[in-house]
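Asker: Take this structure, written in structure tokens, and hold onto it; I'll ask about it next.
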Amino acid sequence: MIHSDARAGNLKGNPVHEEMQEAAEKVGVDFNINVVTDEHHQIIEIVAGELLASWQQGVETCKQIYLCPIEKKAEVVIASTGGYPKDINVYQAQKALDNALLGGQTGRDHYTPYRMFRGLQRAYFWKMDRRGKYSG
């Protein structure tokens with residue numbers, strides 16, 4: 001994603017989140033139901049009710065489970081997508097790289113190995129170099 005605030009775990013100033021929220025408000029969603037799942041796809045919470053209030057409840061649950069503070073950023077980051085299907089295409093593989101960037105020092109190298117099954121099949125890993133450019 002190009003905008004610096006458009007990243008996993010961030011809602012404040014995130015243009016993707018703001019656009020999705022605006023679209024839901026325009027459509028006039030009266031009721032919302034969502035589930036929060038664990039890494040085994042088991043439901044751990046069901047949230048329902050007014051759109052934004054119930055959704056925010058699910059967000060808070062996800063923050064408690066999936067977000068962790070980073071005390072010190074690393075000089076080199078090597079991250080995994082977690083394997084198939086999380087590396088099935090560029091969109092999925094990019095999520096691991098974006099998260100790896102959060103744990104590394106600015107101006108350092110970040111490596112995310114993956115094997116894409118669709119799309120750019122010859123690329124096996126991406127490197128985010130010191131200039132912030134991707135290479136494969």
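Every number here is computed from the coordinates shown, using simple stated rules; none is lab data. Owing to the predicted nature of the structure, the values given are computational and were not obtained by experimental measurement. Cβ coordinates were reconstructed from backbone atoms using ideal geometry, including for glycine residues, and neighbour counts include every protein chain displayed.
Asker: Consider Asn14 carefully, then state whether it is touching a Ser or Thr at 6+ places or on another chain (Cβ under 7 Å) and over 24 Å from Pro85 (Cα atoms).
Answerer: Taking the combined requirement at face value, the residue does not satisfy it.
Asker: Scan segment 1-37 residue by residue and report those that are within 24 Å of Thr106 (Cα to Cα), in contact (Cβ under 8 Å) with a residue 12 or more places away in the chain and outside any helix (DSSP H, G or I).
Answerer: Listed by number, the residues that qualify are Met1, His3, Arg7, Ala8, Gly9, Leu11.
Let's see how each residue does on (1) in contact with a strand residue (DSSP E or B) (Cβ under 6 Å, 6 or more places away or on another chain); (2) under 29 Å from Gly103 (Cβ atoms):
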{"site": "His3", "(1), (2)": "no, yes"}
{"site": "Arg7", "(1), (2)": "no, yes"}
{"site": "Ala24", "(1), (2)": "no, no"}
{"site": "Asp30", "(1), (2)": "no, no"}
{"site": "Asn34", "(1), (2)": "yes, yes"}
{"site": "Ile44", "(1), (2)": "yes, yes"}
{"site": "Leu52", "(1), (2)": "no, no"}
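Asker: I want to confirm something. Restricting to segment 40-86 and keeping residues that are over 18 Å from Arg7 (Cα atoms) and of a type in the set (D, E, K, R), which single residue is farthest from the chain's Cα centre (by Cα)?
Answerer: Only one residue fits best here, namely Glu50.
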